[in-house]
1. Kirkwood-based Rg over Rh for the stretch 50-128 (C-alpha set), two decimals?
2. Percent of alpha carbon pairs in the stretch 82-131 separated by more than 15 Å?
3. What's the extension gain from Trp71 to Ser128 if we count 0.36 nm per residue and subtract their Cα-Cα distance?
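Just so it is clear, none of the values below were taken in a lab; they were calculated from the coordinates. All of these numbers come straight from a predicted model, not from anything done at the bench.
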Amino acid sequence: MIRNAQALIVAVAVQAALAGAAMAQTPTTAPAAPAPAAAPAAKAEPKGDLGAARDKVSMCIGCHGIPGYKWAFPEKYTVPKIAGQSEKYIYNALQAYKKGDRTHQSMRAIAASLSDQDMLDLAAFWASMKK
């Protein structure tokens, strides 16, 4: 038992000596302060892409691209002309159809299939058109 205690004391002494030697080799200068964190970039407003919208707008033109078009489902309905409306208005309207806040069944089905980026793209397209 005494032998085990002596071996333990020797092992601890060796570890302390090695730690002391390592500390002696470490530079005594203080570590450099970390670089200040960069200010977070301002979050850019998402934008619609007119080029991407041209590939998506075919589902809209069949109704909204025909002046004076009337729709008979689910009721007789005059389709609004959306060319020239603001992007924000069109995007918000599509979001409202998707959430169910607006009730036209066909528009709800179409909006349900759109991603947020699709809605931004379509809003940019229609806003760019002349009234």
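1. Values: Rg = 11.8 Å, Rh = 12.6 Å.
Here the Rg-to-Rh quotient is 0.93.
2. Working: 489 of 1225 pairs.
So the portion of pairs separated by more than 15 Å is 40 percent.
3. On the way: separation 57, 0.36 × 57 = 20.52 nm, distance 2.46 nm.
Taking Trp71 through Ser128 to full extension adds about 18.1 nm, to one decimal.
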